[in-house]
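Down below is the structure, laid out as C-alpha cells.
The values are calculated or read from the model by the stated rules, or taken from the named source; none is laboratory data. The structure presented is a predicted model; accordingly, all values stated were derived computationally and were not measured. Methodologically, a virtual Cβ is constructed for each residue, glycine included, from the backbone with ideal geometry; neighbour enumeration extends over all protein chains shown. Keep in mind that these areas ignore ligands, DNA and RNA; they rest on the heavy atoms of the full protein, side chains included. Shrake-Rupley method; radii C 1.70, N 1.55, O 1.52, S 1.80 Å.
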Amino acid sequence: MSMNREGRPTAPAATGGGKPPTFTGNRALQIEEPLLFETGSLEKTGVDLPEPAKHESRLGGLERQGGTGLAGLTEPQTMRHYVRLSQKNYAIDTGFYPLGSCTMKHNPRLNEVMARLPGFGDVHPLQPERTVQGALALMDMLSHWLLELTGMAGVALSPKAGAHGELCGMAAIKAAHDAKGEKRSTVLVPESAHGTNPATAALLGYKVTSIPARDNGTVSVDAMRAALSGEVAGIMLTNPNTCGLFEPDIVEIAEAVHDAGAYFYCDGANFNAIVGRARPGDLGVDCMHINLHKTFSTPHGGGGPGSGPVVFSEAILPYAPVPFVKRNGEGLSLVEHEGDAGDAKPFGRQSAFHGQMGMFVRTMAYMLSHGSDGMRQASEDAVLNANYLRARLRDVMTQPFGDQICMHEVLFDDTFLTDSGVTTLDFAKALIDEGFHPMTVYFPLVAHGAMLVEPTESETKEALDQFIAVLRDLAKAAKAGDAERFTGAPRYAPRARLDETRAAREPRLRWTPETQAEAAE
Ligand SMILES: *Cc1c(COP(=O)(O)O)cnc(C)c1O
C-alpha cells in the first residue's frame, strides 16, 4: 500500500489498499471517474460540422498545424463526466459543513433568484450612470444597512474579499498617517490573528509585532500597552477573535490605541456572531471589513466569489478609496476619480470597477428577508448552537482556554488525544468516514492541535445531536486505544490521504501518461 509523507495510507485501507474488490473499480453508483483523456480518443470527435467553405486564412501563418490534443467525446459522455465530477464535491447544499472561521451557512435560494434578475445580472460596469440607477440605489441601500448595523460613518463597497478589505482599510489608515506627516513603522497583531492580518500589514511595508494571548485566549491589554509607541500605526484585532471568544477589553484597547495616535483596524469576518447585538462603531473601531460571503449568506468556498466592504470611522473616512456612490440631487452617481471627491483625500483605487454586484444583491435579499430582528436572531442562534456543542462535548474533548462561554465557534485542542496515537488530522479524517466534513484543524495556531467548529445558525438540533454523537463516539474510540480506526481513515472515501502540500506547490497541469502514473500514486 502506498503511504504519504506522514506515513498514512494514500489508498483506502478497507479495500485492500487499492481499488475496491469490484470488477469495475466503482463503489456501487459512485463511479471511479476516469480522465477525459482516458475515456475519449484523439481520433474521434463528438461533433459533425460540415467542411468549411474554401477560405483564405488571415492568421498570417500562425494557425495551428496539428490537432487540439483534446480527446473526442459524445455529448452524453461529456455531460456525464462533468456531472459526476460535480457530484464528488462536498458542499453546504449536501451536508453539515462545520469549518470554523469560515461561516459556512445556508444560502437561501431567494438570494440566487434575485441576483439573476436581468436588471442586476446583466448590468455592465461601463454602462452610463443614468441607465443603472437601480443598481446604484441597491448599493446605496446596502451601504445604509451596513452603516446602521456597524454604527460607522462611511463604507467602501469595492473590495472583493475579506483580505482585500483588510488591505483597503489599512491603506486608508496609512493615508491618514501620511496626511498628518507621520511615518509610523509598526502594526500590532495578536498572535491568535487570522494569517491575512499580518500579511496585510507586511504588504503595506509595516513591521508586525505580535501580541501574546492571555491564559483565557483573549488579548492581553498589558502586553498591548507595552508594545504601543509613536512607531505604531495601528492594531489589527479580530472580534470575536479566532478562538471564538469576545474580546472583553476591546473598548480599553481602542482607547489606548487612540491615545497613542494609532488607529484600530477590526477584522470583522466574525461579524455573524454579533449582528444586531454590538456595533463596532460603539467599540471604538476605525475600520472594519465585513465578509458579505460569510455573515450575509452569499455562497463561497472553492475560491469565490467574495465581497469585503470596509466601514470607516469619521477619522478615516476621508481616505477611503474611489469609487463610491454619492447622492446627487434626484439621482445617484459614482465618484470615480480622486479629484472629484471634494474635501476627501482617497488613497486611490483598489478595484477596476465597483465591487461584486451579484454579492450585493444576495446580501440585500438576505437582509430584507430577515429584517433587523431576523438578523439578530441568526447571530443569537449561531452562538447558541456553538455553545450547545461545547456543553455537550466538554466531558470528552478538551478546550485550550478552559470551559468558557464562546461566541459563534467553539475551539478544542488535542489534549484529549494525548497518548492515544491519534492526531488532530487523524481525528478529522475519521469524521469523513462518518459522513461529516471535518472542522477546521490546526488553526488558530495558539491552540495545540486545534479543532475549530462553527455550526452556524443553519443546522437543526437533530443535525447537531448527530454530529455530537459521532464526535463522542470517536473521542471514546481514541481513548479506548482504537488508533487504527483513525490512522487508516478515511477508509470509505474514493481517495485517502493525498499529499496536499505537494499538490499545491507542484501542481501538474498538463496530462501525459507519465504524470498520470505519478498522480495515481
Ligand atoms: C475569512 C477570514 C478572513 C479573510 O477573508 P477572505 O474573504 O477569505 O479573504 C480574514 N479574517 C478572518 C478572521 C476570517 O475568518
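Condition (residue is outside any helix (DSSP H, G or I), touching a residue at least 12 places away in the same chain (Cβ under 8 Å) and loosely packed, with under 11 Cβ neighbours inside 10 Å) applied to region 55-72: is it met by at least one residue? Can you show your working first?
Looking only at region 55-72, we keep the residues that are outside any helix (DSSP H, G or I), and these are 55-72.
Among the residues that remain, those that are also touching a residue at least 12 places away in the same chain (Cβ under 8 Å) are: 67, 69-72.
Subset that is loosely packed, with under 11 Cβ neighbours inside 10 Å: 67, 69.
Yes, there is a match, as at least one residue in region 55-72 is outside any helix (DSSP H, G or I), touching a residue at least 12 places away in the same chain (Cβ under 8 Å) and loosely packed, with under 11 Cβ neighbours inside 10 Å.
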Practice prompt. Might you let me know whether region 314-328 holds any residue that is within 20 Å of residue 184 (Cα to Cα), in contact with a Cys (Cβ under 7 Å, 6 or more places away or on another chain) and at pLDDT 95 or above?
Written response: yes
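Looking at 365, 344, can you tell me which residue is among the small types (Gly, Ala, Ser), touching a residue at least 24 places away in the same chain (Cβ under 8 Å) and not assigned by TED's automatic domain parsing to the domain that holds residue 194? Don't jump to the end; show me each part of the working.
Working: 344 fails: not assigned by TED's automatic domain parsing to the domain that holds residue 194.
Among 365, 344, only 365 is among the small types (Gly, Ala, Ser), touching a residue at least 24 places away in the same chain (Cβ under 8 Å) and not assigned by TED's automatic domain parsing to the domain that holds residue 194.
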Fill in: Filter result (surrounded by 21 or more Cβ atoms within 10 Å (Cβ to Cβ), within 30 Å of residue 418 (Cβ to Cβ) and aliphatic (A, V, I, L, M)) within region 366-400
383, 386, 389, 397
Discussion item. Need pairs with beta-carbon distance below 6 Å; first residue more than 10 Å from the ligand (Cβ to nearest atom) and among the aromatic types (Phe, Trp, Tyr) and within region 271-294, second at pLDDT 95 or above and open to solvent by 10 Å² or more (accessible area, probe 1.4 Å); sequence gap 6+ or separate chains.
Written reply: none
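Could you grab me the full set of residues in region 473-505 that are exposed (fewer than 11 other Cβ atoms within 10 Å of the Cβ) and at pLDDT 90 or above? Spell out how you get there, then give the answer.
First, the residues of region 473-505 that are exposed (fewer than 11 other Cβ atoms within 10 Å of the Cβ): 480, 495, 500-501, 504-505.
480, 504, 505, listed by residue number.
Take the residues in region 190-214 that are among the β-branched types (Val, Ile, Thr) and within 16 Å of the ligand (Cβ to nearest atom), then tell me which one is surrounded by the most Cβ atoms within 10 Å (Cβ to Cβ). Give the derivation first.
Residues of region 190-214 among the β-branched types (Val, Ile, Thr): 196, 200, 208-209, 211.
Next cut, within 16 Å of the ligand (Cβ to nearest atom) only: 196, 200, 208, 211.
Values: 196: 21, 200: 29, 208: 16, 211: 22.
Among them, the one singled out is 200.
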Worksheet item: Looking at (1) within 25 Å of the chain's Cα centre (by Cα); (2) surrounded by fewer than 14 Cβ atoms within 10 Å (Cβ to Cβ); (3) of a type in the set (D, E, K, R), can you tell me which one residue 462 breaks?
Response: (1)
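For region 84-189, please list each of the helices (runs of 4 or more DSSP H) lying entirely inside it that holds at least 3 residues being surrounded by 14 or more Cβ atoms within 10 Å (Cβ to Cβ), in contact (Cβ under 8 Å) with a residue 12 or more places away in the chain and within 16 Å of the ligand (Cβ to nearest atom).
On the way: elements: 109-115, 118-121, 133-150, 162-179.
In region 84-189, 162-179 are the helices (runs of 4 or more DSSP H) which contain 3 or more residues that are surrounded by 14 or more Cβ atoms within 10 Å (Cβ to Cβ), in contact (Cβ under 8 Å) with a residue 12 or more places away in the chain and within 16 Å of the ligand (Cβ to nearest atom).
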Worksheet item: Can you name every residue in region 419-468 that is in contact with a helix residue (DSSP H, G or I) (Cβ under 9 Å, 6 or more places away or on another chain), among the aliphatic types (A, V, I, L, M) and closer than 20 Å to residue 387 by Cα?
Response: 439, 441, 450, 451, 453, 464, 468
Worksheet item: Counting just the residues of region 402-431 that are under 22 Å from residue 456 (Cβ atoms) and in a loop (DSSP other than H, G, I, E, B), which one comes out modelled with the lowest pLDDT?
Response: 403
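Go through region 190-211 residue by residue and tally those that are of a type in the set (Ser, Thr, Tyr) and assigned to a loop (DSSP other than H, G, I, E, B). Steps first, please.
Within region 190-211, the subset of a type in the set (Ser, Thr, Tyr) is 192, 196, 200, 206, 209-210.
From what's left, assigned to a loop (DSSP other than H, G, I, E, B): 192, 206.
The qualifying residues number 2.
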Practice prompt. Could you figure out which of (1) over 21 Å from residue 219 (Cα atoms); (2) open to solvent by 30 Å² or more (accessible area, probe 1.4 Å) isn't true of residue 417?
Written response: (2)
Worksheet entry | Residue in region 259-270 that is surrounded by the fewest Cβ atoms within 10 Å (Cβ to Cβ), counting only those that are away from the ligand (no atom under 16 Å from the Cβ) and not aromatic (Phe, Trp, Tyr) | 259
Discussion item. Please verify whether residue 248 is within 13 Å of the ligand (Cβ to nearest atom), open to solvent by 50 Å² or more (accessible area, probe 1.4 Å), assigned to a loop (DSSP other than H, G, I, E, B) and not aliphatic (A, V, I, L, M), treating the condition exactly as stated.
Written reply: no
Worksheet item: Would you pick out the residues in region 295-307 that are surrounded by fewer than 20 Cβ atoms within 10 Å (Cβ to Cβ) and either more than 16 Å from the ligand (Cβ to nearest atom) or at pLDDT 95 or above (or both)?
Response: none
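Suppose we keep only residues that are in a loop (DSSP other than H, G, I, E, B) and touching a Phe, Trp or Tyr at 6+ places or on another chain (Cβ under 7 Å) within region 289-306. Which one would you say is nearest to residue 90 (Cα to Cα)?
First, pick out the residues of region 289-306 that are in a loop (DSSP other than H, G, I, E, B): 290-291, 296-306.
The next check asks that each one be touching a Phe, Trp or Tyr at 6+ places or on another chain (Cβ under 7 Å); those that pass are 290, 296-297.
Values: 290: 26, 296: 21, 297: 18 Å.
Ranking the candidates gives 297 first.
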Discussion item. It is to be established whether one or more residues within region 310-331 are within 16 Å of the ligand (Cβ to nearest atom), in contact with a strand residue (DSSP E or B) (Cβ under 7 Å, 6 or more places away or on another chain) and open to solvent by less than 60 Å² (accessible area, probe 1.4 Å).
Written reply: yes
